[in-house]
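Asks: Handing you a structure now.
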Amino acid sequence: MDVIAYLIGYAITYDDYKQEIKTETRSMVYGRKESISRAEFYNAGRSGLNPDFRLTVAVIDYNGETELELDDIRYGIYRTYNVNADYIELYCEKKGGLQP
């Protein structure tokens, strides 16, 4: 594994008035950054996505997070793929509106 990334998820709690409070959770993971294939780029582009790369991480480290941060840039995770029982690929894109 050659990069350090932060998986970003959200925990939801409720206050005394039953209003939803969304709290960001971050967990550091080690991963392998790889480029995406031409077919992935084409198919994702047809769906309105703008894929950047895929990050392979250990399955045990991924808990359904929807965003990740790599090199101080925040990305959305638009698709996952289980490579085998140990590793999962996270397909990432830059998204407008994601703030660090």
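The values are calculated or read from the model by the stated rules, or taken from the named source; none is laboratory data. From a predicted model like this one, the values you see are computed outputs, not experimental measurements. When we count neighbours, we look across all protein chains shown, and the Cβ atoms used for this are built from the backbone with ideal geometry, even at glycine. Heavy atoms of the whole protein, side chains included, go into the accessibility calculation; ligands, DNA and RNA do not. Shrake-Rupley method; radii C 1.70, N 1.55, O 1.52, S 1.80 Å.
Asks: Search segment 1-23 for residues that are in contact (Cβ under 8 Å) with a residue 60 or more places away in the chain and under 24 Å from residue 75 (Cα atoms) and pair each with any residue that is outside any strand (DSSP E or B) and open to solvent by less than 100 Å² (accessible area, probe 1.4 Å) when their beta-carbon atoms are under 8 Å apart and the residues are at least 6 apart or on different chains.
Replies: 7/61; 7/62; 7/65; 8/65; 8/66
Asks: Quick check on segment 71-88: of everything there that is out of contact with any Cys (no Cβ under 9 Å at 6 or more places or on another chain) and of a type in the set (A, V, I, L, M), which residue is surrounded by the most Cβ atoms within 10 Å (Cβ to Cβ)?
Replies: The selected residue is 88.
Asks: Same structure, new question: For residue 38, state whether it is charged (D, E, K, R) and at pLDDT below 95. Give the steps one after another, and end with the answer.
Replies: Working: charged (D, E, K, R): yes; at pLDDT below 95: yes.
Yes: the conditions hold for residue 38.
Asks: Among (1) open to solvent by less than 90 Å² (accessible area, probe 1.4 Å); (2) touching a strand residue (DSSP E or B) at 6+ places or on another chain (Cβ under 8 Å), there is one condition residue 14 misses while meeting the rest; what is its number?
Replies: Result: residue 14 fails condition (1) only.
Asks: Only residues that are open to solvent by less than 60 Å² (accessible area, probe 1.4 Å) and farther than 20 Å from residue 4 by Cβ: list them for segment 40-63, please. Walk me through it before giving the result.
Replies: As a first pass, look at segment 40-63 and keep what is open to solvent by less than 60 Å² (accessible area, probe 1.4 Å): 40, 44-45, 49, 51, 53-59, 61-62.
Matches in segment 40-63: 40, 44, 45, 49, 51.
Asks: Could you grab me the full set of residues in segment 44-81 that are under 13 Å from residue 93 (Cβ atoms), at pLDDT below 90 and not hydroxyl-bearing (Ser, Thr, Tyr)?
Replies: Within segment 44-81, 44, 45, 48, 49, 50 meet the criteria.
Asks: What are the pairs, 6+ residues apart or on separate chains, where a residue within segment 39-60 that is within 15 Å of residue 76 (Cα to Cα) has its Cβ under 7 Å from a residue that is open to solvent by 40 Å² or more (accessible area, probe 1.4 Å) and in a helix (DSSP H, G or I)?
Replies: Here the result reads 51/41, each pair linking segment 39-60 to a residue that is open to solvent by 40 Å² or more (accessible area, probe 1.4 Å) and in a helix (DSSP H, G or I).
Asks: Check residue 50 against each of (1) over 19 Å from residue 9 (Cβ atoms); (2) within 12 Å of the chain's Cα centre (by Cα); (3) not basic (Lys, Arg) and name the one condition it does not meet.
Replies: (2)
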